[in-house]
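Single-structure report; data block below.
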Amino acid sequence: MNDTILHFYRGTKGMGIVISLTYGHERIILDFGAPFSPLSEIYDGTVRIRNENKVTDALSIGRIPEVPGVFSIEDLKDYPFLSYEECDLNTAVFISHLHLDHMSEIDKLAPEIPVYIHEDGIKLYEALYHTGLQENFRSCHSFSYQKQMQIGKICITPFFSDHPCPGSSGFLLKTPDATVYYSGDIRFHGMKAEEAFSVLDDLEKEKIDLLIVDATTTSPSEFHLDPSLYSFPSKHLLPGSVSEQNIYDHIFSTLKGYDGIGVFNQYERDTSMMKHMIELGKKLDRNVFFEPEFAYILKQMHGIEVPVLNEADIKEIRKHPSKYLLQNSYRNILALSDFDGIEGEYYHLFGEPLVEGTKNWNVMRNVVEKLHWRFHSFSNLYSFSHAYPNQLAYMIEKIGAKSVVAVHSKHPENLPSSKSDQFFPREDKDHLLKNGELTEI
């Protein structure tokens, strides 16, 4: 039967996106990540992962959803489920970006299934694996923005998405009877906001039937500002919103003329922020040092050579702290004790630990406080990395899709109202997309 079928395996009630679109014998899977649950994560670094049982273990604890026909018969062992070898669907997986809730489980897929990642994302994937910051690895195919690809009768066109992770993408999918756009993670307050807005001009022309959109900031726990102020469509940053530029401006203003050291904690997958911190260091006339893994990633991704901290540097920094800006990750936080007794400013720039209130977050704060440094954190992680509600509403109105489904949110019902009909598909059910309407089959 040649109909456009959507199946939301995961993502309509939180993070960890897995969505499929099927037309005839062709199937596209959008993202393949695990839920983000820092307070209850089983794979927390202390539980041994059984590589020989990685698929069956992940299925049994719900880390990956039961998607038929994507796991090899060898990996399934005696698990009673349709294997890749027994499935007649031609499947391809498209990854929107390298954040773990969108791609962490691709190593579980049968090796014969092609996985597509933006060319910059593949460079990052390889660099992370080389440094040990990416535990698992599999071969992937690359794509470029706005270069069409064809899987049977399904046409896929990737579009730029302004997210901190390089190679972030949204996907326009066209079947003979429907047009769908999956936004991936999106924001409009980063350093490439205008490019992100320009993509909406292209999508407006496409007459999209269904928009599947990142609605992270519709969850009250992840966006604390007055929702009534943010419910109407607007391109502009409203009072209380924090742009990426605002963060760099704050760091500059607090370090300009300051006699102490500056230290920042960034996420290794958000390399564009690393580049901006190097530029900021130059403006402040401060030498910027990185940990070896981060230095390697910058070299591979951007061709930038940066110095790595050594013992001789530590002695020099203690003498002249106002000349230095250091990157420090949580796993190396005890290295900051080398600078005990000198003044410091610590900037948490959305690195690990990711979530305020967790044990590791409290440990980080405790270390900074014992050094008597000032601790700086900015908007909530989710607000910084995802579109503010008013800009999300602008995106939905601008694209003008017939229907919309909110994903990546615990409260999709809070999606700002628009002319698009909002659907709330149940997970693990097939949905027919016909004339812009989703109907559960």
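One table, with the values for the structure above:
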read-out: Order of Y181, Y145 under a 10 Å beta carbon neighbour criterion, fewest first; value: Y145, Y181
read-out: Part-to-part distance (alpha-carbon centres) for segment 195-218 and segment 157-188, which is given in Å; value: 8 Å
read-out: Net length gained if the chain between K207 and D44 were fully extended (0.36 nm per residue, minus Cα distance); value: 54.3 nm
read-out: Per-residue Cβ neighbour rank within 10 angstrom, fewest leading, W361, W373; value: W361, W373
read-out: Dipole of segment 72-191, positive direction: furthest Cα of S96, G132, F160, with charges on the beta-carbon; value: F160
read-out: Spin-label model distance (nm) - K410 vs D428, 7 Å beyond Cα toward Cβ; value: 2.1 nm
read-out: Charge sum, other residues only, whose C-beta stays under 13 Å from A312's C-beta, Lys/Arg counted +1 and Asp/Glu -1; value: -1
read-out: Residues T217, T358, T46, T12, sorted so that the one with the fewest Cβ neighbours within 10 Å comes first; value: T46, T358, T12, T217
read-out: Percentage relative contact order, segment 355-441, counting C-alpha pairs under 8 Å, at least six apart; value: 19 percent
read-out: 11 Å beta-carbon shell around S144, net charge (K/R +1, D/E -1); value: -1
read-out: Estimated vicinal HN-Hα couplings, Hz - segment 152-167 in sequence order (Karplus 6.51, -1.76, 1.60; Gly, Pro = x); value: x, 9, 9, 9, 10, 10, x, 10, 4, 10, 7, 10, x, 7, x, x
read-out: Above-threshold pairs, the threshold being 27 Å between Cα atoms, out of K256/K319; K147/K398; K282/K319; value: none
read-out: Neighbour net charge for N362 - beta-carbon separation under 12 angstrom, K R +1, D E -1; value: 0
read-out: Proportion of all alpha-carbon pairs of the chain beyond 37 Å (%); value: 26 percent
read-out: Approximate spin-label separation E311-K147, in nm, with each point projected 7 Å along Cα-to-Cβ; value: 4.8 nm
read-out: Calculated FRET value between K398 and E126, using beta carbons and R₀ = 45 Å, to 0.05; value: 0.80
read-out: Estimated 222 nm signal from helices in the chain, with DSSP H stretches of n ≥ 4 weighted -39500 (n - 2.57), rounded to 500; value: -7500 deg cm²/dmol
read-out: Full-extension gain in nm, K275 to H320, via 0.36 nm per residue minus C-alpha separation; value: 13.8 nm
read-out: Contact order relative to length of the chain, as percent, for alpha carbon pairs under 8 angstrom and 6 or more apart; value: 20 percent
read-out: Length-normalised contact order of segment 151-197 in % [C-alpha pairs under 8 Å, at least 6 apart]; value: 35 percent
read-out: Alpha carbon centroid spacing (whole Å) that separates segment 280-319 from segment 13-63; value: 36 Å
read-out: For segment 244-378: rounded, prolate or oblate by the Cα gyration tensor [a/c cutoff 1.5]; value: rounded
read-out: Residue-by-residue Karplus 3J(HN,Hα) for segment 409-417, coefficients 6.51, -1.76, 1.60, Hz, glycine and proline x; value: 8, 7, 9, x, 5, 8, 4, x, 5
read-out: Estimated FRET transfer efficiency (Y79, R374; beta-carbon r; R0 56 Å; 0.05); value: 0.60
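Each value in this text was obtained by applying a stated rule to the coordinates, not by laboratory testing. For clarity, every value in this text was computed on a predicted model and none was experimentally measured. FYI the Cβ positions are ideal-geometry reconstructions off the backbone, even for glycines, and counts take in every protein chain you see.
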